[in-house]
1. Counting only heavy atoms of protein chains, what accessible area per residue, in Å², does the stretch 128-169 have with a probe of 1.4 Å?
2. Top to bottom by accessible area (1.4 Å), largest first, where do MET163, MET98, MET132 land?
3. What lysines sit close enough to LYS162 to cross-link, taking a C-alpha to C-alpha distance under 23 Å and skipping anything fewer than 8 places away on the same chain?
4. Can you compute the FRET efficiency between GLN122 and TYR160 using 1/(1 + (r/R0)^6), with r the Cβ-Cβ distance and R0 = 35 Å? Round to the nearest 0.05.
5. Could you tell me how far the Cα centroid of the stretch 58-89 sits from the Cα centroid of the stretch 139-174, in Å?
6. Amide H to amide H under 5 Å from LEU119: which residues, 5+ apart in sequence or cross-chain, H placed 1.01 Å off N in plane?
7. Using the Cβ atoms and a cut-off under 11 Å, what net charge is assigned to the surroundings of LEU140, where Lys and Arg are +1 and Asp and Glu are -1?
8. Grab the other residues whose beta carbon is less than 11 angstrom from that of ASN91, score K and R as +1, D and E as -1, and report the net.
Amino acid sequence: KRNWVGTWSACDDGCFFPAVPIRFLSEYYTMKNDQKIKLFLVDDDAVFLKLLEIEYLRNTGFIIETYPTGELCIENLHHKPDVIVLDYHLNGMDNTAMDGMKTLDNIKARHPDIPVVILSAQDDIDVALNCMHHKAFDYLVKNKSAFVHLHNAITTIFNYNKMEEKWHQLPLAV
């Protein structure tokens, strides 16, 4: 069975998402000037970070940059990511490191237009609402279907961007 854009699929925990085959995600979402999508992955859990990186490199044509700290992510914002996937607890290994919320605030202060998706092991609505209050695009829980949920979030981001582009191209009513 082959799923294409415009159809819908269900993930293993009952959520629904647009069924763009993951391997075609980068072809579906090319930038205006045909550049590849650049994704920053920021997590202090080296194993999870490597798994995400491998999954995206294997299944998409995205340019992936990984960072174990918020400080390194912020130092490299000049690389102009299209989306940032950010761990909520970045200071798990080093208590002096900047946590995910401070990193989010720093990113939004410098580049408010870059969508940031927060990933967390906490399945807590208060934490999710706090992240959204700090201008995160989405809040996702790290679980067995995290990659599918990230795929859905990235799909939503680029669909939103395409709609916004079309909106700005509409003639103004007089």
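1. Heavy-atom SASA per residue in the stretch 128-169 reads 60 Å².
2. Of MET163, MET98, MET132, the descending order of accessible area is MET163, MET132, MET98.
3. Cα-Cα hits under 23 Å: LYS32, LYS36, LYS38, LYS80, LYS108, LYS135.
4. Taking R0 as 35 Å, the efficiency between GLN122 and TYR160 is 0.85.
5. Each part's Cα centre sits 18 Å from the other's.
6. LEU86, ASP87, TYR88, LEU140
7. It works out to a net charge of -2.
8. -4
The values are calculated or read from the model by the stated rules, or taken from the named source; none is laboratory data. The model shown is predicted, which means the values in this text are computed figures rather than measured ones. Please note: Cβ atoms are built from the backbone with ideal geometry, for glycine as well, and neighbour counts cover all protein chains shown. Accessible surface is based on the protein model in full, side chains and every heavy atom, while ligands, DNA and RNA are left aside. Shrake-Rupley method; radii C 1.70, N 1.55, O 1.52, S 1.80 Å.
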